[in-house]
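J.: Take this structure, written in structure tokens, and hold onto it; I'll ask about it next.
What follows draws every value from the coordinates through simple rules; no lab data is involved. Small disclaimer: the values here were computed from a predicted structure and weren't measured. Reconstructed Cβ throughout: ideal geometry from the backbone, glycine too, with neighbour counts over all protein chains shown.
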Ligand code: 9MR
């Protein structure tokens, strides 16, 4: 399926939470209860990133979801997750034709319950292949790879925001060549074949090429990946994004031209993601620089760190993460949060306040609680709304939006949807009595959400 067959800005079935805390822009309206807003600094990574139109995520090891210290930090700080190992080929198809989705589904469930976006990692890779695949070659391997891509992307269809379709396909060093692997030996077109299969299986997921050591703009490997993406774009191979793993640990350091690399890829017409960030000894400066570089590039959609606590890291002896083994915030955490909070550039359009016409409403009385609307930040293409419930500690609030507007993300509640996608029931999930959501205008800049009911319990 050609890239051009998708509508730009397509709506997603996944409504994941991007945590936004600050509400600015007020409209005092007859009949509406409008709270004073404040532009206070966000206090978590996810909330702050969302205010900049980004996500801040982490790799998650599903087994650690049983560790409450771990999940407390995960749920509080992050609004995006990547399975550290559970969506790799050996995990999902240990025997040919036998798919094991249990752990991956558990992570997706957790993410959905917390409103986190999910990055799928990874559909095609030379590493972590199950034994049966390692022993294959030629057409048999090509077909098995494509079948894996199709089966897995179909299974998760509608739940994955971005797929790392192909991971680490280029060689290190100065050659700029493809990495030798059993997949590469099936023919140079294996990468585009994987992207086409993924697009067909899940047309709504964004499809990324992901690699390490493509951070330094001068490196031959970076240039080689750049040329591949350029070629794919020119020939209509469906690629939406490039993931820079950015393991600045052990082998390579943060390069001063990192921002150039991000913006150069973005200029090809793809989004860029920082997908596996960790930095040896977690220097605050380098972490701050990475955040500032991402914020400076409109198409840099977000940052994922490769683990939560140092003790969770694949390189735990290098202490490369934002939380120490006891789950305490390290200086690098403070640097990242401050950089996010200081960032001023939303990805598209300029914030304007107050919102255009259209009035937030309070629901009719009688449901045992009251839902009060606070208009939030407005960009060129979307706006935020937050709703505060009083009179009940557990509640459900029904919100209707006017198509073609679509709610694209929610926070601090558990949403369910009617079949039209235009009516959302938001239930309390223990995150407090204020929830919020982002609405894409899709050409209608005047309509505003209507609160239909607030029901206690
Ligand atoms: O963090 C992952 C570790 O638990 C696995 O043992 C390892 C196996 O290859 O993969 C690690 O994650 C890698 C990621 O999937 C791709 N980029 C490099 C990451 C660190 O090795």
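J.: Per residue of the chain, what 222 nm ellipticity follows from adding -39500 (n - 2.57) for every DSSP H run with n ≥ 4, rounded to the nearest 500?
T.: That comes out to -8000 deg cm²/dmol.
J.: How do 445, 137, 326 line up, fewest other C-beta atoms within 10 Å first? Numbers along the way, then the final one.
T.: Numbers: 445 16, 137 12, 326 9.
Going from sparsest to densest Cβ surroundings: 326, 137, 445.
J.: Now for a different question. Any chance you could get the radius of gyration and Dmax over the Cα atoms of region 366-457, in Å?
T.: Just the Cα atoms of region 366-457 yield Rg and Dmax of 12.5, 37 Å.
J.: Order 110-116, 422-428 from most to least packed using the mean count of other Cβ atoms within 10 Å.
T.: Packing order, densest peptide first, comes out as 110-116, 422-428.
J.: Calculate the length of the line joining the C-alpha centroid of region 259-295 to that of region 59-108, in whole Å.
T.: 24 Å
J.: If a/c stays under 1.5 just call it rounded; otherwise compare a/b with b/c (prolate if a/b is bigger, oblate if not). Do that for region 137-230, with a ≥ b ≥ c from the square roots of the Cα gyration tensor eigenvalues.
T.: oblate
J.: Test of understanding: what is the full-extension gain from residue 416 to residue 227, defined as 0.36 nm times their sequence separation minus their Cα-Cα distance?
T.: Length difference between fully extended and current span is 63.8 nm.
J.: Same structure, new question: Which angle between 0 and 90 degrees, to the nearest 10, do you get for helix 284-296 versus the longest principal axis of the chain when only C-alpha atoms count?
T.: Relative to the chain, helix 284-296 is tipped by roughly 70 degrees.
J.: I need the calculated FRET efficiency for the pair residue 444 and residue 154, taking r as the beta carbon distance and R₀ as 45 Å, to the nearest 0.05.
T.: Details: r = 33 Å, r/R0 = 0.73.
The value I calculate is 0.85.
J.: Also, quick follow-up: What relative contact order, as a whole-number percentage, does the chain give when Cα pairs under 8 Å and 6 or more residues apart are counted?
T.: Answer for the chain is 17 percent.
J.: Turning to a different aspect of this structure: If R0 is 35 Å, what FRET efficiency do you get for residue 188 and residue 453 from their C-beta distance, rounded to 0.05?
T.: Working: r = 58 Å, r/R0 = 1.65.
That gives a FRET efficiency of 0.05.
J.: Relative to the present Cα-Cα distance, how much length would full extension add between residue 98 and residue 298 at 0.36 nm per residue of separation?
T.: Full-extension gain reported as 67.9 nm.
J.: Still on this structure: Once both axes come from the Cα atoms, what is the angle between helix 331-342 and the longest principal axis of the chain, in degrees from 0 to 90, rounded to 10?
T.: Value to nearest ten degrees: 60.
J.: Take residue 329 and residue 285, extend 7 Å from each Cα along the Cα→Cβ direction, and tell me the distance between the two endpoints in nm.
T.: 2.3 nm
J.: Also, quick follow-up: Would any residue of region 401-420 have its amide N under 14 Å from a label point 7 Å out along Cα→Cβ of residue 394? List them or say none.
T.: The answer is 414, whose backbone nitrogens lie closer than 14 Å to the label point.
J.: Looking at the chain, send over the antiparallel percent of its DSSP beta bridges, to the nearest 5.
T.: Taking every DSSP beta bridge with both residues in the chain, the antiparallel ones total about 50 percent.
J.: Can you sort 215, 67 by how many other beta carbons sit within 10 Å, fewest first?
T.: On the way: 215 25, 67 16.
Least to most surrounded, the residues fall as 67, 215.
J.: Using Cα atoms only, what is the angle between the long axis of helix 220-235 and the major principal axis of the chain, expressed in degrees (0 to 90) to the nearest 10?
T.: Long axis of 220-235 versus the principal axis of the chain: about 70 degrees.
J.: With a 10 Å Cβ neighbour count serving as the proxy for reagent exposure, in which order, fewest first, do 156, 78 appear? All intermediate terms of the calculation are to be shown ahead of the outcome.
T.: Numbers: 156 21, 78 26.
Fewest-to-most ranking of 156, 78: 156, 78.
J.: Indicate the gyration tensor shape class of region 258-316 (rounded, prolate or oblate), computed on the Cα atoms with a ≥ b ≥ c the square roots of the eigenvalues: a/c under 1.5 is rounded; otherwise a/b larger than b/c is prolate and the rest oblate.
T.: Taking the square roots of the gyration eigenvalues as a ≥ b ≥ c, region 258-316 is prolate.
J.: Counting C-alpha atoms alone, how compact is the chain: give Rg to one decimal and Dmax as a whole number, in angstrom.
T.: 22.0, 71
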